[in-house]
Amino acid sequence: MKHVFYCDGNQKKIAWVIQTDNNAIEQLRDHADIYLDKITDEQSRFIALHVGVFWGIGKFIIKNNDTVSIMVDSKSMFEHLNGDQQSDDSFIQNRTFFVNQIVEQRKLNIECQLIDAKDNLAHKLLG
């Protein structure tokens, strides 16, 4: 099955949207206290990616061997996820490690696409 995954975050909240066929599931969460107002927006986007993919698997939306198209509006996040550029941020490196671990365990096919911020459905949830 193919899914389109949008994620975004700021210093207070994370959001993600998973589109499958004609269905879209939107999620918005406050940051855990350990992250609230202590991380950058870029770090928050990686938390949203990690939590959102894990949540999608836990809710049986994303299943083994599915294809997930990750839509990101951050060029640096896009380049990091595609392996074109490594981040110097150990926090982002750790989130990426966990996402890659989930991808391997579930044998997911991942595609990343760079989109405009106005097209990021998760960004709209942050208000």
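The values are calculated or read from the model by the stated rules, or taken from the named source; none is laboratory data. Just so we're clear, the structure is a prediction, and the values are computed from it rather than from any experiment. Because the Cβ atoms are built from the backbone with ideal geometry, glycine has one as well, and the counts that use them run over all protein chains shown.
Which members of the range 49-74 meet the condition of being small (Gly, Ala, Ser), within 11 Å of the chain's Cα centre (by Cα) and in a helix (DSSP H, G or I)?
Residues satisfying the conditions are GLY52, GLY56.
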Inset, instruction - For THR40, state whether it is free of Cβ contacts under 8 Å to residues at least 60 places away in the same chain and among the hydroxyl-bearing types (Ser, Thr, Tyr). - result: yes
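So that you can scan it fast, the table gives a plain yes or no per residue for (1) under 24 Å from GLU104 (Cα atoms); (2) out of contact with any strand residue (DSSP E or B) (no Cβ under 7 Å at 6 or more places or on another chain); (3) of a type outside the set (Gly, Ala, Ser):
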| position | (1), (2), (3) |
| --- | --- |
| TYR35 | no, yes, yes |
| ASP41 | no, no, yes |
| PHE54 | yes, yes, yes |
| GLY58 | yes, yes, no |
| ILE61 | yes, no, yes |
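Consider ASN65 carefully, then state whether it is at pLDDT 95 or above, surrounded by fewer than 15 Cβ atoms within 10 Å (Cβ to Cβ) and either in contact with a strand residue (DSSP E or B) (Cβ under 8 Å, 6 or more places away or on another chain) or closer than 24 Å to ILE39 by Cβ (or both). Can you show your working first?
Details: at pLDDT 95 or above: yes; surrounded by fewer than 15 Cβ atoms within 10 Å (Cβ to Cβ): yes; either in contact with a strand residue (DSSP E or B) (Cβ under 8 Å, 6 or more places away or on another chain) or closer than 24 Å to ILE39 by Cβ (or both): yes.
Here the answer is yes, as ASN65 does meet what is asked.
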Inset, instruction - Please list, ordered by first then second residue, the pairs with beta carbon atoms under 7 Å, 6 or more apart or interchain, first in the range 44-60 and without any contact (Cβ under 8 Å) to a residue 40 or more places away in the chain and polar (S, T, N, Q), second crowded, with 16+ Cβ neighbours inside 10 Å and not in a helix (DSSP H, G or I). - result: SER44/GLY9; SER44/ASN10; SER44/ILE14
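Does SER44 satisfy the condition of being hydroxyl-bearing (Ser, Thr, Tyr), surrounded by fewer than 19 Cβ atoms within 10 Å (Cβ to Cβ), within 16 Å of PHE5 (Cα to Cα) and modelled with pLDDT of 95 or more?
No; evaluated as a whole, the condition is false for this residue.
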Inset, instruction - Residue by residue through the range 75-127, note down the ones that are without any contact (Cβ under 8 Å) to a residue 40 or more places away in the chain, surrounded by 17 or more Cβ atoms within 10 Å (Cβ to Cβ), touching a helix residue (DSSP H, G or I) at 6+ places or on another chain (Cβ under 9 Å) and in a helix (DSSP H, G or I). - result: MET77, HIS80, LEU81
Legend entry - Selection status of GLN11, farther than 26 Å from MET1 by Cβ, in a loop (DSSP other than H, G, I, E, B) and either free of Cβ contacts under 8 Å to residues at least 24 places away in the same chain or aromatic (Phe, Trp, Tyr) (or both): no
Legend entry - Residue ID - surrounded by the fewest Cβ atoms within 10 Å (Cβ to Cβ), chosen from residues in the range 1-41 that are within 16 Å of LEU126 (Cβ to Cβ) and among the basic types (Lys, Arg): LYS12
